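One structure is given below, encoded as structure tokens.
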Protein chains: 2
Amino acid sequence: MRTVDPVRYAARRRNIVEAAGGCFARKGFDRTTTADICAAAGISSGSLFHYFPNKRAVFLAIFEQDGRDNAEQLALAVADADPWAGLLGLVDHLVRPLADPDSAGLVVELIAQAGRDPELAELVVRNDRELRAGIAALLSRAAEQGRIDDQVDPAQAAHWVLGLTDALFSRAGIDRDFDPLAELPTLRTILARYLGAVERIG
Amino acid sequence: MRTVDPVRYAARRRNIVEAAGGCFARKGFDRTTTADICAAAGISSGSLFHYFPNKRAVFLAIFEQDGRDNAEQLALAVADADPWAGLLGLVDHLVRPLADPDSAGLVVELIAQAGRDPELAELVVRNDRELRAGIAALLSRAAEQGRIDDQVDPAQAAHWVLGLTDALFSRAGIDRDFDPLAELPTLRTILARYLGAVERIG
DNA sequence: GTCTATAATAAGATAGAC
DNA sequence: GTCTATCTTATTATAGAC
């Protein structure tokens, strides 16, 4: 007779992951103690280590969920009949976390940690590579349809599409007066002018 | 009779700061131990704390030097008779650290730490604000001379000039196969197209 | 001014009761 | 499955000899 309710188990886990996300965003991975996470999640140390083998696993769990979300949104964008609309929709999705003021800090922390943790780096690079492949495919289709300048290399431009979204996270992380979502129209303008998107010209 | 040679003292300090920079870039601030710094600089714990009051002061010292370099290069750029050339020269200077593979990691670490350390944040924000003010002035002059689109808001565009350089650091931090300096010409192209720089059109 | 030795503290993870 | 209590280890910073 099993007493484990998998739904309850998953909910408890998610609760821990969310509480930990806030801690990591505010204090960083290394300065967040397991005691901080326990306090935020309203559980004891013993319980935390019942759900996760160590602190790092809690951090990883945040971005595993994120990777699944991204893959889903990427598939939607690539399936869009209009590749340019698909691209803009994807960009919107990628910058959405910026609505939460903690998120810029969490992304900066992710990149910082990924620089020293090969497993985390693998997670980040895989996600990045998938996004770039999808974006490059969208750009190729847009070029075929004459919607953007066909002189632009899709693979290289995909780097810059993500680079521009990175810039929003970075600027938001540096300057608390910078409103990243208010800059989204400008991001679209830069993208359109860089890629020679047809909307601008005619 | 003073036995302290200020030149020797400054050299020893700089040696520690440089050794520490490498450690911080590779392991991050929190995972770098004072013992790591001592080993890298070839000194003992007692000596380290003779030159710096604590670990954080070593980290700060790196970026104080950096801030002075930036201010100097900014003055040069603003003094340039050709504002567009001044801007491009400044951008070149800002991305120069990317020639050293450690530097992307160090910048990411700086931004991550600045999110939790008000004094460090103040240093970063002040430097950022000065750069943006200088860049906005260059853009205004370029617009007056008809070198760029005068519909672009200089203060806002200054954010994006720095955002594009941020993007190079961020991409280099995420993907070790990404060669940031090879992307510098593309950065200039994006900038020129975004700002409607005249070179492109005629 | 540089060293060795160590004090003081904090943190991750575990044991074992309930 | 959750808790309290605690073990173990690591780290910053200082004391004091040379």
Output wanted: per-residue J couplings in Hz (rounded whole) for segment B:57-66, from phi through Karplus 6.51 cos²θ - 1.76 cosθ + 1.60, θ = phi - 60°, x for Gly and Pro.
5, 5, 4, 4, 4, 4, 8, 5, 4, 4
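Please say if segment A:148-198 is rounded, prolate or oblate, where rounded means a/c under 1.5 for a ≥ b ≥ c the square roots of the C-alpha gyration tensor eigenvalues, and otherwise the choice is prolate for a/b larger than b/c and oblate otherwise?
Values: a/c = 4.82, a/b = 1.97, b/c = 2.45.
Oblate is the answer for segment A:148-198, as a/c is 1.5 or above yet b/c matches or exceeds a/b.
What net charge do the residues around B:Asn54 carry, taking every other residue with its C-beta under 14 Å from that of B:Asn54, with Lys and Arg at +1 and Asp and Glu at -1?
-1
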Is segment B:1-52 rounded, prolate or oblate when judged by the Cα gyration tensor, a ≥ b ≥ c being the square roots of its eigenvalues, rounded requiring a/c under 1.5 and prolate requiring a/b larger than b/c?
prolate
Using a cut-off of 17 Å between alpha-carbon atoms, which aspartates and glutamates can reach A:Lys55, once sequence neighbours fewer than 8 places away in the same chain are excluded?
A:Glu18, A:Asp30, A:Asp36, A:Glu64, A:Glu109, A:Asp117, A:Glu119, B:Asp30
Helix-derived [θ] at 222 nm for chain B: sum -39500 (n - 2.57) over DSSP H runs of at least 4, divide by residue count, nearest 500?
-25500 deg cm²/dmol
Order the following by accessible area, largest value first: B:Asp177, B:Asp82. Probe radius 1.4 Å; ligands, DNA and RNA are ignored.
B:Asp177, B:Asp82
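If exposed trypsin sites (Lys or Arg not before Pro) are those in a DSSP loop with at most 14 other Cβ within 10 Å, what is the longest stretch of chain A that has none?
After excluding every exposed loop site, the longest remaining stretch is A:3-175.
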Just tell me how shielded A:118-126 is by partners: mean number of partner chain Cβ atoms within 10 Å of each residue's Cβ, no decimals.
1
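Would you mind computing Rg(Cα) / (2.2 N^0.38 Å) for the protein assembly as shown, counting N as its residues?
On the way: Rg = 23.1 Å, N = 404, 2.2 N^0.38 = 21.5 Å.
Cα-based Rg divided by the globular estimate yields 1.08.
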Residue-wise HN-Hα coupling along segment A:77-85, computed from phi with Karplus coefficients 6.51, -1.76, 1.60 (Hz; x: Gly, Pro):
5, 5, 7, 5, 5, 9, x, 5, 5
Here the alpha-carbon Rg of chain B over 2.2 N^0.38 Å rounds to 1.18
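Find the relative contact order for segment B:56-201 and round it to a whole percent, using C-alpha pairs within less than 8 Å whose residues are 6+ positions apart.
Numbers: 113 pairs, mean separation 37.1, N = 146.
Rounded, it is 25 percent for segment B:56-201.
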Take every residue in peptide A:96-105, count the Cβ atoms of other chains within 10 Å of its Cβ, and give the average of those counts.
1
Put A:Ser170, B:Ser45 in order of accessible area, largest first, probe 1.4 Å, and you get B:Ser45, A:Ser170
extent check for segment A:51-150: Cα max minus min per principal axis, descending, whole Å, gives 51, 27, 23
With label points built 7 Å along Cα→Cβ from the Cα atoms of A:Gln145 and A:Thr34, find their separation and express it in nm.
5.2
Rg and Dmax of segment A:10-108, using alpha carbons, in Å: what are they?
16.1, 52
By how many degrees, between 0 and 90 and to the nearest 10, does the Cα long axis of helix B:154-174 differ from the longest principal axis of chain B?
50
List, shortest first and in nm to one decimal, how far the label point of A:Ala79 (7 Å from Cα along Cα→Cβ) is from its counterparts in the other copies.
6.1
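Just to be sure I understand: if you take the accessible area of chain A alone plus chain B alone and subtract the pair, with a 1.4 Å probe, what total do you get in Å², rounded to 100?
Details: alone 11560 and 11570 Å², together 19370 Å².
Roughly 3800 Å² of accessible surface disappears when A and B pair.
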Return the sequence-ordered ³J(HN,Hα) values of segment A:175-189 in whole Hz as given by the Karplus equation 6.51 cos²θ - 1.76 cosθ + 1.60 applied to θ = phi - 60°, using x for Gly and Pro.
10, 5, 7, 7, 9, x, 6, 5, 8, 4, x, 5, 4, 5, 4
Taking a label point 7 Å from Cα toward Cβ, how far is B:Ala35 from its twins in the other copies, in nm, shortest first?
2.3
Suppose you put the label 7 Å out from Cα in the Cβ direction; list, shortest first and in nm with one decimal, how far A:Ala155 is from each other copy's label.
4.3
Given a Förster distance of 25 angstrom, what is the FRET efficiency for A:Ser45 paired with A:Arg14, based on the Cβ-Cβ distance and rounded to 0.05?
0.85
Within 10 Å of each Cβ of B:27-33, how many other protein chain Cβ atoms are there on average?
3
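The values are calculated or read from the model by the stated rules, or taken from the named source; none is laboratory data. Since we're looking at a predicted model, the values are computed, not measured. Here the Cβ is made from the backbone with ideal geometry for all residues, glycine too, and neighbour counts use every protein chain on show. Areas reflect the complete protein model, heavy atoms only, side chains present, ligands, DNA and RNA absent. Shrake-Rupley method; radii C 1.70, N 1.55, O 1.52, S 1.80 Å.
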